[in-house]
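The block underneath contains the structure these notes are about, expressed in structure tokens.
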Amino acid sequence: MDPHLAAYLAFTTILVLTPGSVAAGVVRNVLDGGRRQGMAAALGAAAGNTTYAAVSGLGLAAVFARAPSAFLLLRVAGTAYLAWLGVKSLRAAWRHTPGRLPGGLERAGTSKATSAPATGFTQGFANNLVNPAVATFYLAVVPSFLADSTTLSPRYLLYAILHVTMAFTYHTGWVWGLHSMRTFWARPATRRLLETLTGFALLALAWRLTR
């Protein structure tokens, strides 16, 4: 295997498997709207990654180089968005009806609450779009593995496809993992604990962006 490709796969695998704001957002959407909303969030995150891959390939680095304040604005927007999701998750932890899960996570014979895929997709997309980590990945990390290639080369396209696919697979795993354990998550205390942890995780990630 090409050593540059092998190194990229190893680095990207570690990066993708490290829980972050996007994974927390997917989990939050599963808890909020069930499997369909969670899958929509995963698709939205994939669309966000694809958008960054495209605009970075077309010269986003040059834009940030000429206007450093643009990247600062991105960090501020990302911080505010993650903080908002964190607070929303903490509020939801104590406002849901005990013993019930929405959408696809409901147990047979319980409420037929509908999910909101559009909400999940929008949140997943926005979460990645205002995520400085994703911007940095495509602006700095991917080019470092290109050797003599450019961001408009077939190799860059391959790297982008690999990252988008790996991240989507990982987020899908979260969705189906939570769904397969829906009986366990139906316990009021368990669900409140997970939503509380998700909320604090999002707030911690928002705080980290301010440093």
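None of the figures in this text is laboratory data; all of them are computed from the coordinates on show. Everything numeric here is computed off the predicted structure, so don't read it as measured data. Positions of Cβ are generated from backbone atoms using ideal geometry, with glycine treated the same way; all protein chains shown enter the neighbour counts.
Report relative contact order for region 1-97 in percent, whole number only (criteria: Cα-Cα under 8 Å, sequence separation at least 6).
Answer for region 1-97 is 19 percent.
Once the piece of chain linking Lys88 and Thr18 is laid out straight, how much longer is it, given 0.36 nm per residue of separation minus the C-alpha distance between them? Show your work: numbers first, answer last.
Values: separation 70, 0.36 × 70 = 25.20 nm, distance 2.29 nm.
My answer for the length gained is 22.9 nm.
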Exercise. Which FRET efficiency value, to the nearest 0.05, is calculated for Leu197 and Arg95 with the Förster distance at 25 angstrom and r the Cβ-Cβ distance?
Worked result: 0.95
Seminar exercise, completed: Checking rank on 6-14, 121-129, 154-162, with mean other Cβ inside 10 Å and highest first, the result is 121-129, 154-162, 6-14
Exercise. Put a dot 7 Å past each Cα toward the Cβ at Leu5 and Ser153; how far apart are the dots in nm?
Worked result: 1.3
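Over all distinct alpha-carbon pairs, what is the Kirkwood Rh of region 19-89 in angstrom?
Mean inverse Cα-Cα distance, inverted, gives 13.7 Å.
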Seminar exercise, completed: Taking r as the C-beta separation of Met181 and Ala140 and R0 as 35 Å, the FRET efficiency to the nearest 0.05 is 0.40
